[in-house]
Amino acid sequence: MKEHLDIGRCFNDALEIYKQHWTMLVVLQVILGLLIVGTLGIVAGPLVASYNLVLIELLRKKKDNIEIADLFVFFNRFWPLAGLFYLQLLIVAGGFMLFIIPGVIFSVMLLYVFYFAADKGASPKEAIKKSWNIVLAKGFWPNFIIGILAGAIMTAVQMIPLLGSILGLFAAPFTALLIASAYIQQVDLGQEQLEELNLQNG
């Protein structure tokens, strides 16, 4: 029987961790944003993977404090993660260029690529396949809902006159925690189910 994603748990988990670590999460978010913009996205892959690992370890209670150095732990896998960033971007952008619906579908199916890359050490191909399979196994619509809610929170905050951009830096870690919680809930998918999906997808 398929276990559905608990959206309420995503919010509870995100709120608990955000309240404990919001200061350093915002600091990491600011540094991440500046470095991505300053390098035209070249360092986005390893930075995003490192940031996601911080979120995963906080949610799993494997980490008690955050350091700026945590943002750079995956620079030893720079090229695979940089490639994954641009590959994901290309797939999603290509979907939106075809039509809005394919773009939305691809965005949801690839929602967890950097979580798998960070948490499981997955290669770009493996991360894409694992994200795709877990969304298929657990259900497209629950994952669509959590993605839409995270996006809606960010959009609403950024639309606030004058303060939107600044407040967005505070909201971004919370929305990232929502997605990280959803990932953790679903990553313990039964091995038999995963193997079945892997066989179906070649």
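The values are calculated or read from the model by the stated rules, or taken from the named source; none is laboratory data. Only a predicted model underlies this, so the values are computations on that prediction, with no experimental measurement involved. Here the Cβ is made from the backbone with ideal geometry for all residues, glycine too, and neighbour counts use every protein chain on show.
Overview of values
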read-out: Residues of the stretch 105-115 that turn out to be free of Cβ contacts under 8 Å to residues at least 60 places away in the same chain and farther than 12 Å from Leu87 by Cβ, as a count; value: 4
read-out: Candidates Gly94, Gly45, Gly8 - the one that is assigned to a helix (DSSP H, G or I) and in contact with a helix residue (DSSP H, G or I) (Cβ under 6 Å, 6 or more places away or on another chain); value: Gly45
read-out: Close pairs (6 angstrom Cβ cut-off, 6 or more residues apart or separate chains): on the phi < 0 side of the Ramachandran plot and part of a loop (DSSP other than H, G, I, E, B) in the stretch 49-65, at pLDDT 95 or above and not β-branched (Val, Ile, Thr) anywhere; value: Lys63/Glu57
read-out: Residue selected from the stretch 167-202 under the condition loosely packed, with under 12 Cβ neighbours inside 10 Å and in a helix (DSSP H, G or I), by the criterion modelled with the highest pLDDT; value: Gln200
read-out: Residues of the stretch 74-112 satisfying the condition of being out of contact with any Gly (no Cβ under 9 Å at 6 or more places or on another chain) and surrounded by fewer than 16 Cβ atoms within 10 Å (Cβ to Cβ); value: Phe75, Asn76, Leu90, Leu98, Phe99, Ile100
read-out: Counted residues, the stretch 4-34 - those being without any contact (Cβ under 8 Å) to a residue 24 or more places away in the chain and within 15 Å of Gly168 (Cβ to Cβ); value: 1
read-out: Residues within the stretch 47-66 that are among the small types (Gly, Ala, Ser) and more than 12 Å from Gln29 (Cα to Cα), tallied; value: 1
read-out: The one condition in (1) at pLDDT 95 or above; (2) farther than 24 Å from His4 by Cα that Ile100 fails to fulfil; value: (1)
read-out: Selection count where residues are within 21 Å of Val113 (Cβ to Cβ) and basic (Lys, Arg), scope the stretch 38-75; value: 1
